[in-house]
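Report on one structure; see the data block that follows.
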Amino acid sequence: MTRREPWAARVNELAGTCADAAGGIAVLPGGARLAIGHADGTVRCVELATGDTVWFGAERHAPVLQSLACSPDGRLLATTGDDCTIRVWDAATGAMIARHAIPAVAFDLRFSPGGALLATAGADDTVGVYQVDGGARLASCTGHEAWVQSVDWSPRGDRLASVSNDATLRIWDAAGGLELERRELGARAQGVAWSPSGSWLAVGLEGGEVVLLDAAGPFTEAHRLQVDPGSVDGLAWAADGRVLAIAGEHAVAIWEVGAGDAVARFPHDAPFAHRVSWAPDGTFVAASLCGDQVRLWETRAGAAG
């Protein structure tokens, strides 16, 4: 495995002015372009082959931009920032399509599998569900007792998983906001990701561990991996559902389900890694790092079968 950064010097000449991580990244369908949400609130799209900027969003969030997500069909991007808004962008042109006010800063947001809804993880200790078109709030999932750090949809779109600084994982009915399951984690959690098949739920803990839960049953622990002596923030599954990318404080790790250790570790010299995103074919992984940096590494996921 080798680092895939011939364009890194150009990509790292970023517009961000905050000594913080790029708020979000997404490798767009086709794998040729990368959307980046910068710490200073700007959004842009770059060509991965050259590092050239394709577009800059015409408006910016108040710093810091917290999260960026791409719709399942690749047509839209959504972002959140410290200005308590969701903004929706045309992924091809960077035109801002909509701006929706929300009641609190959202640290994470995700499109539903059908692409019509967005879920947010909020500083008001709540998970919100919003329409992409119009911004209507359809559900509020209340019960966490501290900031919600991450949220993800089940592949069928009927449930949400969230993790919080209150050291719990909670499973919600996405339509009504009813709490369905609750699990004590023993540590604050920074990331959560449902596998594409719906069989597994990965949770990243502050102590540098990733816990893999059996999502087909009562969310019992199936595997646990010590990834990093620091914290784990972003998690992302490859499309085949067998390989997980993990943004650790000292390295980006690649873990194959069932393996006793990470199958690859990519050390970095930033204070921490924030988000990770897979190429659609699994051949490389991108990570956003503190200092408003983005890096890519080649992986073997594309040859996993």
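The values are calculated or read from the model by the stated rules, or taken from the named source; none is laboratory data. Computed from a predicted model, the values in this text were never measured in an experiment. In this analysis, Cβ positions are derived from the backbone assuming ideal geometry, glycine residues included, and neighbour counts consider all displayed protein chains.
Pairing each residue of the stretch 67-84 that is touching a residue at least 24 places away in the same chain (Cβ under 8 Å) and within 11 Å of Ala26 (Cα to Cα) with any residue that is buried (at least 24 other Cβ atoms within 10 Å of the Cβ) and of a type in the set (S, T, N, Q), provided the two are 6+ apart or on different chains, yields C-beta distances under 6 Å for Ser67/Thr80; Leu68/Thr79.
Taken over the stretch 82-124, residues that are closer than 23 Å to Asp166 by Cβ, touching an Asp or Glu at 6+ places or on another chain (Cβ under 7 Å) and surrounded by fewer than 18 Cβ atoms within 10 Å (Cβ to Cβ) amount to 2. Residues in the stretch 21-31 that are within 13 Å of Ser277 (Cα to Cα) and at pLDDT 90 or above: Ile25, Ala26, Val27, Leu28, Pro29, Gly31.
Each row is one residue, and each column tells you yes or no for (1) surrounded by 19 or more Cβ atoms within 10 Å (Cβ to Cβ); (2) hydrophobic (A, V, I, L, M, F, W, C); (3) assigned to a strand (DSSP E or B).
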position	(1), (2), (3)
Val210	yes, yes, yes
Leu213	yes, yes, yes
Pro229	no, no, no
Ala239	no, yes, no
Ala245	yes, yes, yes
Ala262	yes, yes, no
Ser277	yes, no, yes
Asp281	no, no, no
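When Arg182 is tested against (1) in contact (Cβ under 8 Å) with a residue 40 or more places away in the chain; (2) basic (Lys, Arg); (3) touching a Lys or Arg at 6+ places or on another chain (Cβ under 8 Å), only condition (1) is not met. Quick one: how many residues across the stretch 58-68 are surrounded by fewer than 23 Cβ atoms within 10 Å (Cβ to Cβ) and either of a type in the set (Gly, Ala, Ser) or assigned to a strand (DSSP E or B) (or both)? Qualifying residue count, the stretch 58-68: 2. Tallying residues that are surrounded by 22 or more Cβ atoms within 10 Å (Cβ to Cβ) and part of a strand (DSSP E or B) within the stretch 131-152 yields 6. State whether one or more residues within the stretch 212-229 are out of contact with any strand residue (DSSP E or B) (no Cβ under 9 Å at 6 or more places or on another chain) and either hydroxyl-bearing (Ser, Thr, Tyr) or in contact (Cβ under 8 Å) with a residue 24 or more places away in the chain (or both). No.
Would you mind stating whether Leu289 is in contact (Cβ under 8 Å) with a residue 40 or more places away in the chain, touching a helix residue (DSSP H, G or I) at 6+ places or on another chain (Cβ under 9 Å) and either buried (at least 21 other Cβ atoms within 10 Å of the Cβ) or of a type in the set (Gly, Ala, Ser) (or both)? Steps first, answer last, please.
Working: in contact (Cβ under 8 Å) with a residue 40 or more places away in the chain: yes; touching a helix residue (DSSP H, G or I) at 6+ places or on another chain (Cβ under 9 Å): no; either buried (at least 21 other Cβ atoms within 10 Å of the Cβ) or of a type in the set (Gly, Ala, Ser) (or both): yes.
In short, no.
If only residues of the stretch 43-57 that are touching a residue at least 40 places away in the same chain (Cβ under 8 Å) and under 20 Å from the mean Cα position of the chain (by Cα) are counted, the one that is surrounded by the most Cβ atoms within 10 Å (Cβ to Cβ) is Val43. The number of residues in the stretch 200-211 being among the small types (Gly, Ala, Ser), at pLDDT below 95 and in contact with a strand residue (DSSP E or B) (Cβ under 8 Å, 6 or more places away or on another chain) comes to 1.
Taken over the stretch 85-115, the residue count meeting the criterion of being touching a residue at least 40 places away in the same chain (Cβ under 8 Å), under 18 Å from the mean Cα position of the chain (by Cα) and not in a strand (DSSP E or B) is 5.
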